[in-house]
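A.B. asks: For reference, the structure I am asking about is given below.
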Amino acid sequence: MMTSLQTQLKYDVEAIRADFPILQRRVNGHPLVYLDNAATSQKPRQVIDALVHYYEFTNANVHRGLHTLAEEATEAYESARAKVARFIGAEPESVVFTRNATEAINLVAYAWGLANLKSGDRIVLTEMEHHSNIVPWQLIARLTGAQLHYVPFTPEGEMDMEALDNALRQEPKLVAIVHVSNVLGTVNPVEEITRKAHAVGAKVLIDGAQAVPHKPVDVTRIGCDFYAFSGHKMLAPTGIGALYARRELLEEMPPFMGGGSMIRRVTHEFSTWADIPTKFEAGTPNIADAIGFGAAVDYLQHVGMEAIRQHEQRLTAEALRLLEAEEDIVVYGPRDPQRRCGLVSFNFKHVHPHDVAQVLDARGIAIRAGHHCCQIIMRRLDVTATARASFYLYNTIEEIHTFVEALDDVRKVFGKYGG
Amino acid sequence: MVDDELYREIILEHYHHPRYKGALPDANLTAEGMNPLCGDELTLYLKTDGDRIVEARFDGRGCSISQASASMLTEAIRGLTVDEAKALLERVKAMLTGSPHEPFDEDDDLSALEGVKKYPVRIKCALLAWTTLEEILHK
């Protein structure tokens, strides 16, 4: 592995930026400063080209035809699966393509949850979860009679491990936890949590939507049972994501959706299922975007996930340093950039985050304002919304400075705090 | 800088100094509004005497546009009959959604809300108080 200094010297952010056509755009007369990467990332030319090439050269249905195009499309689709699997340290058979992390979690909830949860069983969630890792379990709890238990986070925005230990003493069937919080930026100790959950016989699902794009992730090392993530947050097109599940679980689980592809034999009364992972991919899949997902993973690997992680930590440290120095701004989440991923949620003490985002947009700066699909976190922080700047491999230190300087425009429109 | 069309001085003035903010203990009509997109919450309190709205107050948390719009609403509907308030409500909704309507005088604070219609995401913020009023009046 490269040392931090070598990585820093090698990291050529301008060369990376040149691969992203959209970064040439001007917005409201200013160069685009895109700091909404936790919502979705921009796409490099290599990913866009992979889509165009597929549609112009290869397009055919997969796992069906005997003609050349069908064979090439199948080969490209399965090779994308192998790339995505390798990227997270998994075997291709353990990776199911889904629309996004949300669909991956719903797949587990309906296929594994309905078959394995019964009345009185406990599901442990955390108050840090995105709605995508709450609502599916509420629906399954209603269908099965299982009970939801939420582990809180500390005032510093870290998982309350003591509360988690207490929750595990009640021997839950499932622990479903976010790897990196999309609001607090906290990186949760998923290896430790998985070990502890397994010790009491619980299965572990990890929502990795904000982790896989930003840091090296190895599901085998984590040891979890299920791991869900989305392509569009990691340079791939929208509409493609993945579920990793341990092979024996995928083999045991009944299908999620029925249809073409996922069967072996269909009779009037019943059917038998295709091998994993095809058993969980009913109907014609999202072939082009899966291939784009493979191209995105190639791109990220070329830059190097450790290098991306370190670059983002430099950006995050700078943003935290500057925002924390402002007396009219509150910053949420852990103070130590090492304990978080590349995003910073904050609020002005006297201005609503929508107004902050609107004023920054006039300067071509894109940030997110809202509850970030985390109304439980908002309630815990006693706010209705926060502003959030989130970074990625193509952002620069200069952009962080432009963003923080533009916050002065907010003070110009809405007045100074206490003034 | 940001477009002055949106953050008109009168909007900022209502935001910084909302007219009738805080609960109305003896309200006989209340409703809660929420914008699920952004989490903004608003409670509207009315006190009526027969057919006439004699007091109106609001409480809640939200952005400058939603708070200013609520403040303007409480000021504008005091003293109106329920039917007059309904007509005003339709006029404001039409202005915000760009439908034909009788325009507001320039010196009417409500006219400042017209700039919001250029910002599709913010129309819901401006409408929040008015849709909450609609819920009360059509109960």
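A.B. asks: Roughly what would the spin-label model give for A:S119 and A:R25, points 7 Å off Cα along C-beta, in nm?
C.D. replies: Going by the 7 Å Cα→Cβ label model, 5.3 nm.
A.B. asks: Here is a further query. How much length is gained on full extension from A:R86 to A:E192, taking 0.36 nm per residue of separation minus their Cα-Cα distance? Let's see the in-between values first.
C.D. replies: Numbers: separation 106, 0.36 × 106 = 38.16 nm, distance 2.27 nm.
Residue separation times 0.36 nm, minus the Cα-Cα distance, leaves 35.9 nm.
A.B. asks: On to the next question. Which FRET efficiency, nearest 0.05, do B:E102 and A:R309 yield, Cβ-Cβ r, R0 51 Å? Before the final figure, lay out the partial values.
C.D. replies: On the way: r = 59 Å, r/R0 = 1.16.
Between B:E102 and A:R309 the formula returns 0.30.
A.B. asks: Of the beta bridges DSSP finds with both residues in chain A, what % are antiparallel, to the nearest 5?
C.D. replies: Given both bridge residues lie in chain A, the antiparallel proportion sits at roughly 60 percent.
A.B. asks: Under a Cβ-only charge scheme (Lys and Arg +1, Asp and Glu -1), can you give me the dipole magnitude of segment B:9-137 about the Cα centre, in debye to the nearest 20?
C.D. replies: The calculated dipole for segment B:9-137 is roughly 440 debye.
A.B. asks: Tell me, which longest segment in chain A has none of the chymotrypsin sites (Phe, Trp or Tyr not before Pro) that fall in DSSP loops with at most 15 further Cβ atoms within 10 Å?
C.D. replies: Numbers: sites that count: A:F270, A:Y417.
So the longest stretch without any such site is A:1-269.
A.B. asks: Pairs of alpha-carbon atoms within less than 8 angstrom and 6+ residues apart define the contacts here; what relative contact order does segment A:188-250 have, in percent?
C.D. replies: 28
A.B. asks: Only sites in a loop by DSSP and with at most 13 other Cβ atoms within 10 Å count here; which GluC sites (Glu not before Pro) in segment B:50-109 make the cut?
C.D. replies: Sites meeting the loop and neighbour criteria: B:E106.
A.B. asks: Mean separation of Cα pairs under 8 Å and 6+ residues apart, divided by the residue count of segment A:177-304: what relative contact order is that in percent?
C.D. replies: The value is 18 percent.
A.B. asks: Any chance you could list P(r) for segment B:9-137, counting all Cα-Cα pairs in 10 angstrom bins from zero, rounded to whole %?
C.D. replies: Per 10 Å bin, starting at zero, the Cα-Cα P(r) for segment B:9-137 comes out as 14, 49, 33, 4 percent.
A.B. asks: May I pose another question? Once you keep just the Cα pairs under 8 angstrom separated by 6 or more residues, what percentage relative contact order results for chain A? Intermediate results must be reported in sequence, preceding the final value.
C.D. replies: On the way: 822 pairs, mean separation 93.6, N = 419.
Here the relative contact order equals 22 percent.
A.B. asks: How much length would be gained if the chain were fully extended between A:V135 and A:K349, taking 0.36 nm per residue of separation minus their Cα-Cα distance, in nm to one decimal?
C.D. replies: Stretched out fully, the A:V135 to A:K349 stretch lengthens by 74.0 nm.
A.B. asks: Whole-Hz Karplus ³J(HN,Hα) for segment A:171-176, in order, using 6.51 cos²θ - 1.76 cosθ + 1.60 and θ = phi - 60°, x for Gly and Pro?
C.D. replies: 6, x, 8, 9, 10, 10
A.B. asks: What value does the protein assembly as shown have for Rg/Rh, both radii from Cα atoms and Rh as Kirkwood defines it?
C.D. replies: 1.01
A.B. asks: Using a Gaussian network for chain A with springs between C-alpha atoms less than 10 Å apart, which of these wobbles most: A:K83, A:K233, A:K349?
C.D. replies: The residue with the greatest mean-square fluctuation here is A:K349.
A.B. asks: Quick one: putting +1 on the C-beta of Lys and Arg, -1 on the C-beta of Asp and Glu, what dipole do you get for segment A:48-302 around its Cα centre, in Debye to the nearest 20? Let's see the in-between values first.
C.D. replies: Values: 21 positive and 31 negative charges, 100 e Å.
I would put it at about 480 debye.
A.B. asks: Given points 7 Å out from each Cα along the Cα-Cβ axis, report the A:E156 to B:H16 separation in nanometres with one decimal.
C.D. replies: 3.9
A.B. asks: Roughly what % of DSSP beta bridges within segment A:76-201 run antiparallel, to the nearest 5? Kindly include the intermediate steps, with their values, before the conclusion.
C.D. replies: Numbers: 2 of 9 bridges.
Close to 20 percent.
A.B. asks: Something else about it: Please average, across the residues of A:348-357, the number of beta carbons from any other chain that are within 10 Å of each residue's own beta carbon, and give a whole number.
C.D. replies: 5
A.B. asks: Also, quick follow-up: Quickly work out the B:D51-to-A:R221 label distance, labels modelled 7 Å from Cα along the C-beta direction, and quote it in nm with one decimal.
C.D. replies: Once both label points are built, they end up 7.6 nm from each other.
A.B. asks: A further question on this structure: Take every DSSP beta bridge with both residues inside segment A:192-254 and express the antiparallel ones as a percent of the total, to the nearest 5.
C.D. replies: Once the DSSP bridges in segment A:192-254 are tallied, antiparallel ones form about 60 percent.
A.B. asks: Shifting gears a bit: Between segment B:1-56 and segment A:17-61, what is the separation of their alpha carbon centroids in Å?
C.D. replies: Segment B:1-56 and segment A:17-61 have Cα centres spaced 42 Å from each other.
A.B. asks: Listed here are the pairs A:K43/B:K118; A:K203/A:K233; B:K47/B:K139; A:K196/A:K279; A:K233/A:K349; A:K10/A:K215; which of them are more than 24 Å apart at the Cα?
C.D. replies: Violating the 24 Å limit, Cα to Cα: A:K43/B:K118; A:K203/A:K233; A:K196/A:K279; A:K233/A:K349.
Bear in mind these aren't lab numbers, they're just calculated from the coordinates by the rules spelled out. It should be emphasised that the depicted structure is a prediction, and the values quoted were computed from it without experimental measurement. Here Cβ is always computed from backbone atoms with ideal geometry, including for glycine, and neighbour counts include all displayed protein chains.
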